[in-house]
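Structure first, commentary second.
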Amino acid sequence: MEKENAEELAQSLLEGIYRVWWIPNPPREPFYVVCMGLGTAMATLKLLASYDLFLGEDAVSSNTGGMEVYRKGEGWNEWESEECEDIHEYMDRGKM
């Protein structure tokens with residue numbers, strides 16, 4: 001398989017896949033969790049936030065996270081709802 005065909009196939013397979021990013025105690029590097037659906041991605045964000053609360057303030061100074069979606073030809077982009085909300089605004093509105 002030619003390199004161009006392999007790259008196109010890879011982009012096609014990633015289309016619409018979600019990726020949660022989380023930065024523990026910035027300025028550390030982010031880590032990523034690939035999720036197959038919006039519900040799984042939102043549950044992953046909630047799980048990471050809940051775990052931080054469990055650890056308490058002594059272990060966690062400030063963490064941040066978000067969610068991206070893969071778009072063919074564009075790569076990973078921060079996810080937005082149809083109402084242009086980021087994932088936190090969307091979840092705060094009770095969508096999960």
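The values are calculated or read from the model by the stated rules, or taken from the named source; none is laboratory data. Quick caveat, the model's predicted, so the values are computed rather than measured. FYI the Cβ positions are ideal-geometry reconstructions off the backbone, even for glycines, and counts take in every protein chain you see.
Regarding the range 26-35, can at least one residue be identified that is among the aromatic types (Phe, Trp, Tyr), free of Cβ contacts under 8 Å to residues at least 40 places away in the same chain, on the phi < 0 side of the Ramachandran plot and not in a helix (DSSP H, G or I)?
The initial filter retains those residues of the range 26-35 that are among the aromatic types (Phe, Trp, Tyr), namely 31-32.
From what's left, free of Cβ contacts under 8 Å to residues at least 40 places away in the same chain: 31-32.
Still in the running and on the phi < 0 side of the Ramachandran plot: 31-32.
Imposing the further condition that a residue be not in a helix (DSSP H, G or I) reduces the set to 31-32.
Yes, the range 26-35 contains at least one residue that is among the aromatic types (Phe, Trp, Tyr), free of Cβ contacts under 8 Å to residues at least 40 places away in the same chain, on the phi < 0 side of the Ramachandran plot and not in a helix (DSSP H, G or I).
Within the range 40-63, is there a residue that is under 21 Å from TRP76 (Cβ atoms), modelled with pLDDT under 90 and part of a loop (DSSP other than H, G, I, E, B)?
Scanning the range 40-63, I find at least one residue that is under 21 Å from TRP76 (Cβ atoms), modelled with pLDDT under 90 and part of a loop (DSSP other than H, G, I, E, B), so the answer is yes.
Is there a residue being in a helix (DSSP H, G or I) and closer than 30 Å to GLU8 by Cβ anywhere in the range 75-85? Give the steps one after another, and end with the answer.
Residues of the range 75-85 in a helix (DSSP H, G or I): none.
Taking every residue of the range 75-85 in turn, none turns out to be in a helix (DSSP H, G or I) and closer than 30 Å to GLU8 by Cβ.
Can you find, within the range 27-39, the residue that is surrounded by the fewest Cβ atoms within 10 Å (Cβ to Cβ) among those that are touching a strand residue (DSSP E or B) at 6+ places or on another chain (Cβ under 9 Å) and either charged (D, E, K, R) or closer than 17 Å to GLU78 by Cβ (or both)? Walk me through it before giving the result.
Filtering the range 27-39 for residues touching a strand residue (DSSP E or B) at 6+ places or on another chain (Cβ under 9 Å) gives 29-38.
From what is left, the residues that are either charged (D, E, K, R) or closer than 17 Å to GLU78 by Cβ (or both) are 29-35, 38.
Numbers: GLU29: 7, PRO30: 13, PHE31: 12, TYR32: 11, VAL33: 17, VAL34: 14, CYS35: 19, LEU38: 18.
Across the range 27-39, the extreme among qualifying residues is GLU29.
Which members of the range 15-44 meet the condition of being more than 14 Å from VAL69 (Cα to Cα) and not aromatic (Phe, Trp, Tyr)? So that I can check it myself, show each step before the final result.
Initially, the range 15-44 is screened for residues more than 14 Å from VAL69 (Cα to Cα), giving 22-31, 43-44.
Once the filter is applied, which keeps residues that are more than 14 Å from VAL69 (Cα to Cα) and not aromatic (Phe, Trp, Tyr), the range 15-44 yields ILE23, PRO24, ASN25, PRO26, PRO27, ARG28, GLU29, PRO30, ALA43, THR44.
Restricting attention to the range 60-77, which residues are in contact with a helix residue (DSSP H, G or I) (Cβ under 8 Å, 6 or more places away or on another chain) and of a type outside the set (Lys, Arg)? Break it down into steps so the answer makes sense when it comes.
Step one: list which residues in the range 60-77 are in contact with a helix residue (DSSP H, G or I) (Cβ under 8 Å, 6 or more places away or on another chain), which gives 60, 63, 65-67, 70, 72-73.
Hits for the range 60-77 are VAL60, ASN63, GLY65, GLY66, MET67, TYR70, GLY73.
Just to verify a result, which residue in the range 40-76, among those that are aromatic (Phe, Trp, Tyr) and more than 12 Å from ILE17 (Cα to Cα), is surrounded by the most Cβ atoms within 10 Å (Cβ to Cβ)? I'd like the intermediate steps shown before the answer.
Going residue by residue through the range 40-76, those that are aromatic (Phe, Trp, Tyr) are 51, 54, 70, 76.
Next, only the ones that are more than 12 Å from ILE17 (Cα to Cα) stay: 51, 54.
Working: TYR51: 14, PHE54: 9.
If we take residues in the range 40-76 being aromatic (Phe, Trp, Tyr) and more than 12 Å from ILE17 (Cα to Cα), then TYR51 is surrounded by the most Cβ atoms within 10 Å (Cβ to Cβ).
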